[in-house]
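Visitor: Structure incoming, see below.
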Amino acid sequence: MRIALIKGDGIGVDVAEATMAIVEAALAKVGEQAPVYDEILSGAGYYKETGVDIEPGGEERAEAADAIFLGAIGLPSIRHKDGTEISPHLRLRDRFGLYAGVRPVKAYPNAPQRLADPRAAGIDLIILRESTEGLFYSAAAHNRSLVVNDDEVQDILRITRKTTTKLHDFAFNLARKRRERGKPGHLTCVDKANVFTSLAFFRKLFDEVKERHPDVPVGYNYVDAQALDLVRKPWEFDVMVTENMFGDILSDLAGGLVGGMGMAACAEIGDANGLFQPAHGSAPDIMGQDKANPLAAILSGALMLDYLAEKLERPVLADAADLINGAVEHGFEENALRPMEFGGDMGTKAVTNQLLSRISNRMPAKTSVSA
Ligand SMILES: NC(=O)c1ccc[n+]([C@@H]2O[C@H](COP(=O)([O-])OP(=O)(O)OC[C@H]3O[C@@H](n4cnc5c(N)ncnc54)[C@H](O)[C@@H]3O)[C@@H](O)[C@H]2O)c1
């Protein structure tokens with residue numbers, strides 16, 4: 001199993017290393033060997049040193065791997081001349097057609113609940129963010145904005161039949177898989193079909209694809225109402241499928257509901273490649289201080305193992321993913337995971353070591369990230 005590993009900038013490096021230690025422990029527990037890593041240098045720090053945002057040949061090597069794992073990329077102090085940041089990961093999404101951005105949001109016991117309503121303890125949903133077009137079609141990394149003159153710039157929101165049909169199919173299949181695992185398996189199309197022709201088209205394609213999945217119950221919501229509902233009654237939603245920019249914003253909002261960005265895992269899946277990363281950035285305000293919560297990255301590592309189980313047709317890898325998810329769930333239940341992000345006493349290494357102990361069932365942990 002070959003993993004292209006891009007640690008990136010800031011806390012990205014720490015959480016990527018923590019995740020690989022956990023993935024290796026889970027694989028060992030199910031009798032599998034550690035992955036072979038192809039580490040690829042990339043990020044704002046690398047750009048500052050070299051003038052390029054990813055090492056030459058890096059994109060091709062990432063493409064050749066079974067999966068790509070990324071820590072976080074970007075530092076606000078390092079920018080291109082036009083003021084935008086270093087973001088080669090947007091190019092990777094584009095190049096590999098990683099259209100399906102899967103962002104699970106789940107409340108864990110003893111983790112902060114930002115809503116007073118006790119039903120918030122049952123939040124368990126997925127935001128499926130289209131990740132290659134929408135308004136991000138014009139992301140600066142792609143150089144597609146129309147700079148009319150010094151007084152006007154236009155960005156394009158692009159919706160295509162090809163990508164959107166694949167996205168909606170993915171969404172229906174995901175909802176069905178969740179129902180098979182005992183979850184509601186309900187799918188909501190989130191758009192702004194009342195105002196934008198492109199998003200009315202997004203909904204029209206949703207209705208076309210719906211015909212092929214009559215077993216999945218569906219709903220519709222405009223994105224502004226969805227933002228309201230995610231605060232008012234998030235427990236009523238299961239899978240939401242939406243345009244790129246809407247998904248970007250809603251998934252941060254939803255991550256906030258269950259604690260913070262340190263819980264926001266993410267998988268970006270295309271026809272042939274999958275990239276896994278926490279949804280958060282490099283967190284320059286806490287970098288180098290062992291304060292980052294590695295759980296978003298670690299849960300993304302579990303998503304990667306689930307993906308590889310299907311891609312490589314090796315169900316044992318899904319068992320390794322279950323081990324990681326179970327260790328997080330039980331760790332919270334027993335109040336043994338107390339990330340600093342939530343006012344707890346555990347930094348990146350302490351959280352990682354606690355999970356390593358749980359996964360390998362040894363106390364104290366034999367494999368550990370050095371303190
Ligand atoms: N996919 C990516 O690599 C990605 C995503 C978002 C932002 N960025 C980049 O990261 C840099 C910082 O961006 P930002 O500050 O807007 O977003 P951020 O996600 O890095 O941080 C937002 C806030 O959340 C906190 N936070 C984030 N992750 C955390 C974790 N694991 N544990 C504890 N606290 C955590 C930070 O301390 C900060 O207060 C920028 O350069 C931005 O472009 C990269």
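The values are calculated or read from the model by the stated rules, or taken from the named source; none is laboratory data. In this text the structure is predicted, and so the values were computed from the model without any measurement. Neighbour counts are summed over all protein chains in view; Cβ atoms, including those assigned to glycine, are modelled from backbone coordinates with ideal geometry.
Visitor: Can you say whether Ala279 is within 10 Å of the ligand (Cβ to nearest atom) and at positive phi, as far as the supplied structure shows?
Guide: Values: within 10 Å of the ligand (Cβ to nearest atom): yes; at positive phi: no.
Taking the combined requirement at face value, the residue does not satisfy it.
Visitor: What are the residues in segment 240-264 that are assigned to a loop (DSSP other than H, G, I, E, B) and either at pLDDT below 95 or not assigned by TED's automatic domain parsing to the domain that holds Phe136 (or both), if any? Before you say what the answer is, go through the steps one by one.
Guide: Within segment 240-264, the first condition is being assigned to a loop (DSSP other than H, G, I, E, B), and the residues that meet it are 243, 258-260, 264.
Result: Val258, Gly259, Gly260, Ala264.
Visitor: Considering only segment 308-330, state which residues are over 19 Å from Lys29 (Cβ atoms) and assigned to a helix (DSSP H, G or I).
Guide: Filtering segment 308-330 down to residues over 19 Å from Lys29 (Cβ atoms) leaves 310-311, 313.
Within segment 308-330, Glu310, Lys311 qualify.
Visitor: Another one. Within segment 285-295, work out how many residues are near the ligand (Cβ under 6 Å from one of its atoms) and either farther than 23 Å from Gln354 by Cα or of a type in the set (A, V, I, L, M) (or both). Let's see the steps before the verdict.
Guide: Start the filter on segment 285-295 by keeping residues that are near the ligand (Cβ under 6 Å from one of its atoms), which leaves 285-286, 292-293.
Among the residues that remain, those that are also either farther than 23 Å from Gln354 by Cα or of a type in the set (A, V, I, L, M) (or both) are: 285-286, 292.
Counting residues in segment 285-295 that are near the ligand (Cβ under 6 Å from one of its atoms) and either farther than 23 Å from Gln354 by Cα or of a type in the set (A, V, I, L, M) (or both) gives 3.
Visitor: Among the residues of segment 8-30 satisfying the criterion of being among the charged types (D, E, K, R) and assigned to a helix (DSSP H, G or I), which is nearest to Val316 (Cα to Cα)? Spell out how you get there, then give the answer.
Guide: Within segment 8-30, the first condition is being among the charged types (D, E, K, R), and the residues that meet it are 9, 14, 17, 24, 29.
Pick out the ones that are also assigned to a helix (DSSP H, G or I) and you get 14, 17, 24, 29.
Numbers: Asp14: 27, Glu17: 23, Glu24: 13, Lys29: 10 Å.
It comes out as Lys29.
Visitor: Which condition from (1) outside any helix (DSSP H, G or I); (2) crowded, with 21+ Cβ neighbours inside 10 Å; (3) in contact with a helix residue (DSSP H, G or I) (Cβ under 7 Å, 6 or more places away or on another chain) is the one that Thr188 breaks?
Guide: It is condition (3) that Thr188 fails.
Visitor: Among (1) more than 6 Å from the ligand (Cβ to nearest atom); (2) over 21 Å from Ala65 (Cα atoms); (3) under 16 Å from the mean Cα position of the chain (by Cα), which single condition is Ala267 missing?
Guide: Among (1) more than 6 Å from the ligand (Cβ to nearest atom); (2) over 21 Å from Ala65 (Cα atoms); (3) under 16 Å from the mean Cα position of the chain (by Cα), Ala267 violates only (2).
Visitor: So Asp215 clears everything in (1) closer than 16 Å to Phe246 by Cα; (2) part of a loop (DSSP other than H, G, I, E, B) except one condition, right? Which one?
Guide: It is condition (1) that Asp215 fails.
Visitor: Same structure, new question: Here is a list: Asp306, Asp229. Which entry is of a type outside the set (Phe, Trp, Tyr), away from the ligand (no atom under 15 Å from the Cβ), closer than 23 Å to Pro184 by Cα and not assigned by TED's automatic domain parsing to the domain that holds Asn194?
Guide: Details: Asp229 fails: not assigned by TED's automatic domain parsing to the domain that holds Asn194.
Going through Asp306, Asp229 in turn, the sole match is Asp306.
Visitor: Can you tell me which residue within segment 34-66, out of those that are of a type in the set (A, V, I, L, M, F, W, C) and away from the ligand (no atom under 16 Å from the Cβ), is nearest to Ala141 (Cα to Cα)?
Guide: Residues of segment 34-66 that are of a type in the set (A, V, I, L, M, F, W, C), as a first pass: 34, 36, 40-41, 44, 52, 54, 62, 64-65.
Now drop any that are not away from the ligand (no atom under 16 Å from the Cβ), which leaves 34, 36, 52, 64-65.
On the way: Ala34: 34, Val36: 30, Val52: 13, Ala64: 22, Ala65: 23 Å.
Applying the filter and picking the extreme gives Val52.
Visitor: When the residues of segment 71-117 are filtered to those that are within 12 Å of the ligand (Cβ to nearest atom) and of a type in the set (Val, Ile, Thr), which remaining residue is modelled with the lowest pLDDT?
Guide: Selected residue: Thr84.
Visitor: If you don't mind, another one. Here are Lys349, Lys311: which of them is closer than 27 Å to Asp94 by Cβ, among the basic types (Lys, Arg) and either in contact with a Gly (Cβ under 8 Å, 6 or more places away or on another chain) or buried (at least 17 other Cβ atoms within 10 Å of the Cβ) (or both)? Give the steps one after another, and end with the answer.
Guide: Values: Lys349 fails: closer than 27 Å to Asp94 by Cβ.
None of the others qualify; the one that does is Lys311.
Visitor: Among the residues of segment 80-121, how many are charged (D, E, K, R) and surrounded by 15 or more Cβ atoms within 10 Å (Cβ to Cβ)? Working first, answer last.
Guide: Within segment 80-121, the first condition is being charged (D, E, K, R), and the residues that meet it are 81-82, 85, 91, 93-95, 103, 106, 114, 117, 119.
After this cut, where a residue has to be surrounded by 15 or more Cβ atoms within 10 Å (Cβ to Cβ) as well, the list is 85, 91, 93-95, 103, 106.
Summing the residues that are charged (D, E, K, R) and surrounded by 15 or more Cβ atoms within 10 Å (Cβ to Cβ) in segment 80-121 gives 7.
Visitor: In addition: Taking segment 26-56 as the region of interest, how many residues are buried (at least 21 other Cβ atoms within 10 Å of the Cβ) and free of Cβ contacts under 8 Å to residues at least 24 places away in the same chain?
Guide: 1
Visitor: Considering only residues that are touching a strand residue (DSSP E or B) at 6+ places or on another chain (Cβ under 6 Å), over 9 Å from Lys291 (Cα atoms) and within 11 Å of the ligand (Cβ to nearest atom), which ones fall in segment 338-356?
Guide: At the first step, the residues of segment 338-356 found to be touching a strand residue (DSSP E or B) at 6+ places or on another chain (Cβ under 6 Å) are 338-339, 346, 351.
Next, only the ones that are over 9 Å from Lys291 (Cα atoms) stay: 338, 351.
Val351, the sole residue that qualifies.
Visitor: Moving to a separate point now. Report whether or not Ala292 is of a type in the set (Gly, Ala, Ser) and assigned to a helix (DSSP H, G or I).
Guide: Working: of a type in the set (Gly, Ala, Ser): yes; assigned to a helix (DSSP H, G or I): no.
Taking the combined requirement at face value, the residue does not satisfy it.
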